[in-house]
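Worksheet: the structure to be examined is printed underneath.
The values are calculated or read from the model by the stated rules, or taken from the named source; none is laboratory data. Only a predicted model underlies this, so the values are computations on that prediction, with no experimental measurement involved. All Cβ positions, glycine included, derive from the backbone under ideal geometry; neighbour counts span all protein chains shown. Only protein heavy atoms, including side chains, enter the accessible area calculation; ligands, DNA and RNA are left aside. Shrake-Rupley method; radii C 1.70, N 1.55, O 1.52, S 1.80 Å.
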Amino acid sequence: MAEGRQIAHHGEAIVLRTWPFHEADLLVSLFTREQGRVKGVARHAMKSRRRFGGALEPATHVLAHYTERPKQELVRLDSFEILWSPLSAPIDTLRLAGLQLVVEVLEEAMPEGAVEDHVFRLAMTVLEQGLGPRAQGSEGGSSGVWLGVTYFCLWMNRLMGWMPELGHCAACGLDLRGTAVWWSPTADGVTCYDDRRPGSRVLSAASVAESYRIARMGLAELAGEDWPEERARDLRGFAVGVLERHLERRLRSAAGLV
């Protein structure tokens, strides 16, 4: 934080989490586009809705007005303007789980003060396109939520430098292109069947190919296809598992998604 003077900030942010703080205040974690993750205090937010309204709901995209204060770790949150809200349409259980996963991963993965514009743009793309109102489940049982979650987790691993190379066995170097691979929740890389580690899980050749498609194609293009729950289920589990290994914790919100 700057010393000696207050600095006002006005910029895009994603609300990640809120906690009660003192009597009527809220402590808020934000992932901002210009300053990375910051924490601040929303004074009297539990009593008055005038300055914040529904803008403190997790996963809300806001224009945040906040002030850095001398020798204070927490910024002062002055007001929010909603740019996009997950509450713009009814939220079913599946979509809620997807929204919670995005904000939980951002909260755990992003260090305070680390500016990551690529991650911010990924999160907004997934929130608005992959987990927006169009992602609600249909009568046929398919839902864009499954694509949104898979896309987000795979790309978070890529952007954080955690995505293992899937084309060769990490133990013997065997060319695994076009075949299934084995991965472990407790070890780096993937292996062939013969070198699989204790507790390893299989990732099908079709899902490996799906991961390459997701790396090449935009979310909007992929969303033109049908993504039922069973499609690339093992890939989704793999992507979440890699995140959990590097975060060194289980993702509570992923329980109903893998």
For residue 75, distant residues with modelled amide H under 5 Å away: 39, 40, 41
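So how much slack lies between residue 209 and residue 121, counting 0.36 nm per residue of separation and subtracting their Cα-Cα distance, in nm?
On the way: separation 88, 0.36 × 88 = 31.68 nm, distance 2.45 nm.
Full extension of this stretch gives 29.2 nm more.
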Percent of C-alpha pairs per 5 Å bin, region 86-130, short to long: 5, 19, 29, 23, 14, 7, 2
Charge sum, other residues only, whose C-beta stays under 10 Å from residue 167's C-beta, Lys/Arg counted +1 and Asp/Glu -1: -1
Residue of 234, 25, 194 that the Gaussian network model of the chain assigns the largest fluctuation, springs spanning Cα pairs under 10 Å: 194
Where the Cα pairs of region 21-81 fall when distances are cut into 10 Å bins, in %: 23, 60, 17, 0
Shape of region 52-116, Cα gyration tensor, a/c cut at 1.5: oblate
Candidate values (i) 168; (ii) 114; (iii) 135, label of the one derived for volume of the Cα convex hull per residue in Å³: (iii)
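Please report, as a whole percent, how much of the solvent-accessible surface of the chain comes from carbon and sulfur atoms (probe radius 1.4 Å). Show your work: numbers first, answer last.
Numbers: 6170 of 12470 Å².
For the chain, the apolar C and S fraction of the accessible surface comes to 49 percent.
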Dipole of the chain, positive direction: furthest Cα of 131, 191, 28, with charges on the beta-carbon: 28
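Going by the alpha-carbon gyration tensor, a ≥ b ≥ c the square roots of its eigenvalues, is region 3-122 rounded (a/c under 1.5) or, if a/c is not under 1.5, prolate (a/b greater than b/c) versus oblate?
Working: a/c = 1.80, a/b = 1.27, b/c = 1.42.
It comes out oblate by the Cα gyration axes.
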Cα gyration tensor shape for region 190-258, rounded if a/c is under 1.5, else prolate or oblate: oblate
For the chain, built as a Gaussian network whose Cα springs stay under 10 Å, the top-fluctuating residue of 148, 167, 98: 167
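Treating the beta-carbon of each Lys and Arg as +1 and of each Asp and Glu as -1, no other charges, what is the dipole magnitude of the chain about its Cα centre, to the nearest 20 debye?
On the way: 30 positive and 33 negative charges, 117 e Å.
Using only the charged Cβ atoms, the result is roughly 560 debye.
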